[in-house]
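*Asks:* Can you keep this structure in mind? I'll have questions shortly.
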Amino acid sequence: SFAYFTIKDRLPQILTRVIDTLHRHKNEFFEEHGEKGVEAEKRAISFLSKLRNELQTDKPVTPLEDELPDAALWNQYLDYQRNLPNGSGEPSWFQSPWLYVECYMYRRIHAALAQNPPIDNFDVFKEGKAQNFFESQEAVIALCTYFQELLKNIKDLDEKQLKEELFKLLQVSLWGNKCDLSFSAGQDSSQKSSPLQSLENMVPYILVNDMEKVWSLLVNAKKNRTERSNVRVDIILDNAGFELVSDLVLADFLLSSKLADEVYFHGKSIPWYVSDTTKHDFNWTIKQLGSANHMWMSRCGINWEGNLKKGVWVFCDHMFWTLPHDFSSMSEVAPDLYAELQKSNLLLFKGDLNYRKLTGDRKWEHSVPFHQALNKFHPAPLCSLRTLKSDTQVGLKPGQGEQVQASEPEWMVSGKYGVVQFDAGL
């Protein structure tokens, strides 16, 4: 299965890269922290080399021994895996659900640093994320330029034109999800060309296209808003780099077109899946744009800084996003986060990992309804914007999956196909 190759090939590559990154920063650690920094780097590397060996030799998954706030939840989850009726008893790297061991690896990478001050705040993936951003400059410039031109006459657009623009920016945000560093094991995955030019050609690759439903929901929310109720959209982020810029443009469009009054962004509280967005990445990206020497890029960055100051944009992170749990257990494991999401008019879930957690990462029949696969996870109406990079997909028409499979056997994992998949909730 694709899961097998991921665990066998991709994850050890990622660990090797992480070890290499720490090696390369040895002098920097010494300059900043003296011998203590070098000792910490050695300990972290030894921890990660041991982890890589455990993975490659299919050792049992061990409980976390750190004192971090989520350790108890992880260890409870390990017990749960041990006691599954159809499980093999002792979960090991190749005998466990893919989603679980992949999340577990990233959590162990975090522990390798968190347990080794003074380098405990070092993000081993930061360089790759920054590189992805800089290598996508042309696409970022094209998108910011397009958007700033659009803003000049946004007040004059009629409903049909607004809808067209929303659909365009939803698609840019969807295809921005191709830029994923964990998928390419950290290899170059930047967006080189303007994403706007190829949208028409990409439409046939959207297997489920519920953009009309998203539009209807937002327009109705706008019409029914009262003075006391704001229309709120939450974006559950995926990758930093170009994808994040495409999400920020979409969020700005929602405010500028008055389709939303406030946007909440949900990122990761620790470095995750190589290129996932942390608070640092979020703020860094907006600062980079603001200080760019390109007029429209800097205009975007400065406006977005303003949105954060005014409180119409809010960034939040929560440790639940970096647990191995499906979203169907959120109301139980993280009731505070679930209650927060219930305040939203629309939840936009970006990317493949969020999709896997929405649907429990199961081997569903492709025609199983999305609503059913969500397994009672309904805090608010939600929509998944996702390019397919793993073999879970629901909500297709009968025979649709088989039809695509016949012409493209790799359709579920190539990142070439996408979905804009909506669920109205209860």
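The values are calculated or read from the model by the stated rules, or taken from the named source; none is laboratory data. These numbers come from a predicted model, not from an experiment. Note that each Cβ is placed from the backbone with ideal geometry, even for glycine, and that neighbours are counted across all protein chains shown. These accessible areas exclude ligands, DNA and RNA; they are computed on the full protein's heavy atoms, side chains included. Shrake-Rupley method; radii C 1.70, N 1.55, O 1.52, S 1.80 Å.
*Asks:* For D276, all conditions in the list (1) open to solvent by less than 10 Å² (accessible area, probe 1.4 Å); (2) free of Cβ contacts under 8 Å to residues at least 24 places away in the same chain hold save one; what is the number of the exception?
*Replies:* (2)
*Asks:* While we're here: Being open to solvent by 20 Å² or more (accessible area, probe 1.4 Å) and hydroxyl-bearing (S, T, Y) is the filter; apply it to the stretch 76-110 and report the residue that is nearest to G34 (Cα to Cα).
*Replies:* Step by step, filter the stretch 76-110, then rank; the result is Y77.
*Asks:* Do the conditions hold for L250, that is, is it touching a Gly at 6+ places or on another chain (Cβ under 8 Å), crowded, with 18+ Cβ neighbours inside 10 Å and of a type outside the set (S, T, Y)? Write out each step before concluding.
*Replies:* Details: touching a Gly at 6+ places or on another chain (Cβ under 8 Å): no; crowded, with 18+ Cβ neighbours inside 10 Å: yes; of a type outside the set (S, T, Y): yes.
Spelling it out, it is not the case that L250 is touching a Gly at 6+ places or on another chain (Cβ under 8 Å), crowded, with 18+ Cβ neighbours inside 10 Å and of a type outside the set (S, T, Y).
*Asks:* For the stretch 59-69, which positions are open to solvent by 50 Å² or more (accessible area, probe 1.4 Å), assigned to a loop (DSSP other than H, G, I, E, B) and not β-branched (V, I, T)?
*Replies:* Correct list: K59, P63, E65, E67, P69.
*Asks:* Now, a different point. Determine, yes or no, whether V208 is in the same structural domain as T387 (by the TED database), within 30 Å of Q405 (Cβ to Cβ), part of a loop (DSSP other than H, G, I, E, B) and in contact with a Leu (Cβ under 8 Å, 6 or more places away or on another chain). Break it down stepwise before answering.
*Replies:* On the way: in the same structural domain as T387 (by the TED database): yes; within 30 Å of Q405 (Cβ to Cβ): yes; part of a loop (DSSP other than H, G, I, E, B): no; in contact with a Leu (Cβ under 8 Å, 6 or more places away or on another chain): yes.
So V208 does not fit the description; no.
*Asks:* Additional query: Right, S384: open to solvent by less than 10 Å² (accessible area, probe 1.4 Å), part of a loop (DSSP other than H, G, I, E, B) and not assigned by the TED database to the domain that holds C103 or not? First the steps, then the outcome.
*Replies:* Values: open to solvent by less than 10 Å² (accessible area, probe 1.4 Å): yes; part of a loop (DSSP other than H, G, I, E, B): no; not assigned by the TED database to the domain that holds C103: yes.
For S384, the condition - open to solvent by less than 10 Å² (accessible area, probe 1.4 Å), part of a loop (DSSP other than H, G, I, E, B) and not assigned by the TED database to the domain that holds C103 - is not met.
*Asks:* Then there is this: Look through the stretch 111-127, keep the residues that are closer than 18 Å to D281 by Cα and surrounded by fewer than 23 Cβ atoms within 10 Å (Cβ to Cβ), and return whichever of them is farthest from the chain's Cα centre (by Cα).
*Replies:* Among those that are closer than 18 Å to D281 by Cα and surrounded by fewer than 23 Cβ atoms within 10 Å (Cβ to Cβ), it is D120.
*Asks:* Could I ask something else about it? Where in the stretch 331-377 are there helices (runs of 4 or more DSSP H), lying fully within it, with 3 or more residues that are outside the structural domain of A72 (by the TED database) and open to solvent by less than 10 Å² (accessible area, probe 1.4 Å)? Reasoning before the result, please.
*Replies:* Values: elements: 335-341, 351-358, 370-373.
Counting at least 3 such residues, we get 351-358.
*Asks:* Of all residues in the stretch 390-424 being over 13 Å from P369 (Cβ atoms) and open to solvent by less than 10 Å² (accessible area, probe 1.4 Å), which is modelled with the lowest pLDDT? Outline the logic, then answer.
*Replies:* So in the stretch 390-424, the residues over 13 Å from P369 (Cβ atoms) come out as 390-392, 399-420.
When the remaining residues are screened for being open to solvent by less than 10 Å² (accessible area, probe 1.4 Å), the result is 390, 392, 401, 411, 415, 418-420.
Values: S390: 95, T392: 97, G401: 97, W411: 97, G415: 92, G418: 97, V419: 98, V420: 98.
Checked the stretch 390-424; the qualifying residue modelled with the lowest pLDDT is G415.
*Asks:* Quick check on my filter: what residues within the stretch 262-288 are closer than 22 Å to T21 by Cα and in a strand (DSSP E or B)?
*Replies:* Hits for the stretch 262-288 are K268, D276, T278.
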